[in-house]
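Engineer: Sharing a structure with you now.
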Amino acid sequence: MTMNFLNPVTTQTWTNGRHAVRCVKVIQETWDVRTFCFMAEQPVLFFFKPGQFVTLELEIDGEPIMRSYTISSSPSVPYSFSITVKRVPGGKVSNWLHDNLKLGDELAVHGPVGNFNAIDYPADKILMLSGGVGITPLMSMARWFFDTNSAVDIEFVHSARTPRDIIFHRELEHIFSRIPEFKLHIVCEHSDELGEAWAGFRGYLSQQMLELMAPDFLEREIFCCGPTPYMNAVKNLLKNNGFDMSHYHEESFGATPVEVQEEVLEHAEQAEAEAEEFDAADLISVEFSTTGKSVRIQPGETVHSAAAKLGLHIPKACGMGICGTCRVPLASGQVDMEHNGGITDEDVAEGYILSCCSKPLGDVVVEY
């Protein structure tokens, strides 16, 4: 790296959108977890809020795939960012990354975005609870607090399956050995496999354990991330103790909760019932000029749903207008676009829209 690389005149600051990056390092964290480090070809200051995520734009077996991963590094190391990925049985993307992504490979990322972060919820006393690979956003936060010498009292509780599954173990011990206000607690569900020795907490996180680790846990701002059953158990424990859940924040690394699935089905049934009330004359034409396909949709449907009806795949990650992944040019017509910061005023002025949150107000033509 030359000093020209760090020239403040040419260095840019990361903004939400699509960026080309190159893999510059691969670290084997545990037997089934790897960290992938990225940099931009042109210098970029990768500033983000610790806990936020990026979306990778990949092509696997000829199929375009978007997948979101939390950033595990800290913005205090500004010229690169990292994601930490666990190999999952049957996991198409995670296994592909482990088997194929190597030094020098280039790909596109979208972001950074995410409401789960340490900046928006400042507190003097924090409790971090993580399970498995859910440690990644909390590691980003811990690294940030450590690097910036923050005056924060942190209790960090991590649950792993076995001692060999503890991600970032040596770095965690280093961080928490340097600052008295930072305290680390690790729970291993199983410690008798492969003859591994473990002198710490054993089993599953319980109220008795939590009271020993952080007796004042009800007075702390809580950040939680892990598999859905783990987070459900944490929430039940907190609620049973009268914790003010407005001070609880979570990021999910598990399957879609049953209640969400039920809500989706309910919305689908409601949409089907409403569809019967529309007259054919009320339908709106959405044309995709590049592919020459068009479809008529009901008022209130999005451009993205119109594309899906035609079998057209417009990349999408968040579905809420925050990541900017689904940006497309609007050739003609008008839309009602209720986004959440995923598109700039300049892009809008140039005729771009986010297909996931743009509802045609009349017949439209989209360049796709």
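Engineer: Given (1) in contact with a Gly (Cβ under 9 Å, 6 or more places away or on another chain); (2) in a loop (DSSP other than H, G, I, E, B); (3) of a type outside the set (Lys, Arg), identify the lone condition not met by Ala123.
Structural biologist: (1)
Engineer: Take the residues of the range 177-188 that are over 18 Å from Ile222 (Cα atoms) and in contact with a helix residue (DSSP H, G or I) (Cβ under 9 Å, 6 or more places away or on another chain): which is surrounded by the fewest Cβ atoms within 10 Å (Cβ to Cβ)?
Structural biologist: Arg178
Engineer: Of all residues being surrounded by fewer than 18 Cβ atoms within 10 Å (Cβ to Cβ) and not in a loop (DSSP other than H, G, I, E, B) in the range 154-169, which is modelled with the highest pLDDT? Just the residue, please.
Structural biologist: Applying the filter and picking the extreme gives His169.
Engineer: Going through Leu212, Leu172, Leu218, Leu184 one at a time, which residue ends up being in a helix (DSSP H, G or I), within 25 Å of the chain's Cα centre (by Cα) and modelled with pLDDT of 95 or more? Write out each step before concluding.
Structural biologist: Values: Leu212 fails: within 25 Å of the chain's Cα centre (by Cα); Leu218 fails: within 25 Å of the chain's Cα centre (by Cα); Leu184 fails: in a helix (DSSP H, G or I).
After applying the criteria, what remains is Leu172.
Engineer: So Pro78 fits all but one of (1) touching a residue at least 60 places away in the same chain (Cβ under 8 Å); (2) open to solvent by 20 Å² or more (accessible area, probe 1.4 Å); what number is the exception?
Structural biologist: Tallying (1) touching a residue at least 60 places away in the same chain (Cβ under 8 Å); (2) open to solvent by 20 Å² or more (accessible area, probe 1.4 Å), Pro78 fails exactly one: (1).
Engineer: Restricting the search to the range 307-346, which residues are in a helix (DSSP H, G or I) and in contact (Cβ under 8 Å) with a residue 40 or more places away in the chain?
Structural biologist: Within the range 307-346, the subset in a helix (DSSP H, G or I) is 307-309, 345-346.
The answer is Ala307, and nothing else.
Engineer: Right, here's the next one. Could you figure out which of (1) farther than 30 Å from Trp14 by Cα; (2) modelled with pLDDT of 90 or more; (3) open to solvent by less than 70 Å² (accessible area, probe 1.4 Å) isn't true of Gly300?
Structural biologist: Here Gly300 clears every test but (2).
Engineer: Next question, about the same structure. Quick one: Glu287 ticks every box in (1) of a type outside the set (A, V, I, L, M); (2) assigned to a loop (DSSP other than H, G, I, E, B); (3) more than 24 Å from Leu56 (Cα to Cα) except a single one, so which number is it?
Structural biologist: (2)
Engineer: Taking Val295 as the residue in question, decide whether it is without any contact (Cβ under 8 Å) to a residue 40 or more places away in the chain, surrounded by fewer than 20 Cβ atoms within 10 Å (Cβ to Cβ) and touching a helix residue (DSSP H, G or I) at 6+ places or on another chain (Cβ under 8 Å).
Structural biologist: yes
Engineer: Still on this model: In the range 33-45, how many are of a type outside the set (Gly, Ala, Ser), free of Cβ contacts under 8 Å to residues at least 60 places away in the same chain, crowded, with 17+ Cβ neighbours inside 10 Å and in contact with a strand residue (DSSP E or B) (Cβ under 6 Å, 6 or more places away or on another chain)?
Structural biologist: Summing the residues that are of a type outside the set (Gly, Ala, Ser), free of Cβ contacts under 8 Å to residues at least 60 places away in the same chain, crowded, with 17+ Cβ neighbours inside 10 Å and in contact with a strand residue (DSSP E or B) (Cβ under 6 Å, 6 or more places away or on another chain) in the range 33-45 gives 4.
Engineer: Go through the range 228-252 and count every residue that is under 20 Å from Leu138 (Cα atoms) and not in a helix (DSSP H, G or I).
Structural biologist: 5
Engineer: Which of (1) assigned to a helix (DSSP H, G or I); (2) out of contact with any helix residue (DSSP H, G or I) (no Cβ under 9 Å at 6 or more places or on another chain); (3) not small (Gly, Ala, Ser) does Ile135 not meet, given it meets every other one?
Structural biologist: (2)
The values are calculated or read from the model by the stated rules, or taken from the named source; none is laboratory data. Everything numeric here is computed off the predicted structure, so don't read it as measured data. When we count neighbours, we look across all protein chains shown, and the Cβ atoms used for this are built from the backbone with ideal geometry, even at glycine. Each accessible area value is taken on the protein alone, full model and side chains, heavy atoms only, with ligands, DNA and RNA left out. Shrake-Rupley method; radii C 1.70, N 1.55, O 1.52, S 1.80 Å.
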